[in-house]
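The values are calculated or read from the model by the stated rules, or taken from the named source; none is laboratory data. Small disclaimer: the values here were computed from a predicted structure and weren't measured. All Cβ positions, glycine included, derive from the backbone under ideal geometry; neighbour counts span all protein chains shown.
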Amino acid sequence: MGKRWLNSMLSKEELDHGCGLSKSMNSLGRPIGNTRDFDIENQVFEIDNDSSFMSELENSFSSYLNSSYLNSGSKSDNRYYDHYMYDTVYSLNNHINSCVDSYLRSEISIDRYILSGSDNPIYSYMYSYICSGESVSNGSDFNIRGRSNDLDANQKYRHLWVQCENCYGLNYKKFFRSKMYICEQCGYHLKMNSSDRIELLVDSGTWDPIDEHMISIDPIEFHSEEEPYRDRINLYQGKTGLTEAVQTGIGKLNGIPIAMGVMDFQFMGGSMGSVVGEKITRLIEYAANRSLPVIIVCASGGARMQEGSLSLMQMAKISSASYDYQFNKKLFYVSILTSPTTGGVTASFGMLGDIIIAEPNAHIAFAGKRVIEQTLNKTVPDGSQEAEYLFDKGLFDPIVPRNPLKGVLSELFQVHGFFPLHPN
């Protein structure tokens with residue numbers, strides 16, 4: 001009965017019309033697609049190609065469909081209502097929903113109008129549960145708990161899936177890096193560490209780091225009741241594998257020699273201390289002496305409070321080196337603003353580029369929303385610190401997604417007289 005009921009919900013005509021599928025759901029064991037797709041499902045979901053799992057799932061649905069709750073609509077008379085429906089079925093959903101949700105969205109691409117336009121409450125339930133994950137009542141008894149209740153399940157499988165900050169969709173972690181940390185569901189650009197950005201922009205085998213062993217030494221002996229500054233530095237060094245919140249070096253971008261600095265938000269929020277400022281200053285001076293174009297990828301919460309005024313003076317030091325590089329040496333500096341770029345980085349070298357590029361939906365500001373509201377006693381409109389809003393105000397030049405970024409940079413360099421080196 002379970003098979004017939006599910007097959008009737010998603011009939012051949014509707015699936016063929018919306019998804020372009022040639023076969024309907026003839027059984028729970030092979031619901032959609034061909035043999036190759038089914039093998040991929042087995043590999044992704046980490047289940048064996050046997051009948052025990054699907055048989056158990058089929059029995060669960062059959063028992064639920066035969067229950068008095070579904071047939072009569074009564075909640076109080078059914079002794080299985082609380083225990084069976086919400087414990088067994090919902091527990092099953094918690095374990096497989098993250099897998100099915102991401103796979104259906106990315107591979108099947110069910111159109112919204114197929115199910116959302118139907119007056120049948122079962123269709124509405126299936127559409128809401130598969131396509132949006134929201135609760136739908138419509139006067140029926142198919143009330144689903146909110147997606148917030150799936151938090152425990154998402155945490156349990158976080159080694160397999162990455163949840164989008166924007167749409168809360170799930171992305172398979174194994175392939176997420178190859179997709180440049182862009183959400184498959186909504187196209188949102190999630191945070192990316194410095195090593196992956198170097199791999200994205202620099203030609204393979206050409207990256208040569210500069211000053212990679214320079215580390216902070218707690219210059220003002222900052223005292224904290226929670227954790228000493230040096231211990232925090234050691235913690236983030238072990239966590240990220242980096243010595244500081246920026247990586248600097250030289251390499252080639254489509255054959256063009258460049259000097260590049262990439263900030264890493266995972267290291268103490270990308271905060272700018274004396275070492276970060278010194279490494280970026282030395283990078284700019286190195287590029288000036290060798291007439292190289294400079295790229296700095298910004299991702300920072302601002303100056304590092306644990307170093308006091310020494311962190312603030314890095315703004316002036318980097319800006320001074322940038323002035324000599326741009327106006328005296330007449331060289332080319334590109335600043336790339338990623339999410340978030342705030343505080344002292346925004347107020348200094350982040351906004352000094354000859355070309356300033358921003359990523360889509362990047363959070364760019366000087367002071368945070370809460371600080372502004374508490375200081376000025378005014379409400380900051382939602383979205384007023386996002387790249388798209390600031391682009392309309394002329395704060396920077398283009399908004400470039402990650403996919404074409406390397407090609408865009410290559411064209412910019414060639415327009416400004418920097419060309420690939422060809423071997424003799």
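Summary table below
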item: Counted residues, segment 175-218 - those being touching a strand residue (DSSP E or B) at 6+ places or on another chain (Cβ under 6 Å) and surrounded by fewer than 15 Cβ atoms within 10 Å (Cβ to Cβ); result: 3
item: Residue list for segment 362-388, restricted to those being part of a loop (DSSP other than H, G, I, E, B), of a type in the set (A, V, I, L, M) and touching a helix residue (DSSP H, G or I) at 6+ places or on another chain (Cβ under 7 Å); result: A362, A365, V380
item: Qualifying residue in segment 389-411 (condition: within 27 Å of E184 (Cα to Cα), assigned to a loop (DSSP other than H, G, I, E, B), under 22 Å from the mean Cα position of the chain (by Cα) and hydroxyl-bearing (S, T, Y)); result: no
item: Test: F327 is of a type outside the set (D, E, K, R) and buried (at least 23 other Cβ atoms within 10 Å of the Cβ); result: no
item: Condition check for I250: in contact with an Asp or Glu (Cβ under 9 Å, 6 or more places away or on another chain), within 25 Å of L337 (Cβ to Cβ) and surrounded by fewer than 21 Cβ atoms within 10 Å (Cβ to Cβ); result: yes
item: Residue in segment 393-415 that is of a type outside the set (S, T, Y), surrounded by fewer than 17 Cβ atoms within 10 Å (Cβ to Cβ) and under 22 Å from Y286 (Cα atoms) present; result: yes
item: Single residue of G302, G368 found to be crowded, with 20+ Cβ neighbours inside 10 Å and at pLDDT below 95; result: G302
item: Qualifying position, being in contact (Cβ under 8 Å) with a residue 12 or more places away in the chain and either in contact with a Leu (Cβ under 6 Å, 6 or more places away or on another chain) or over 24 Å from W207 (Cα atoms) (or both), among A303, A288, A299; result: A303
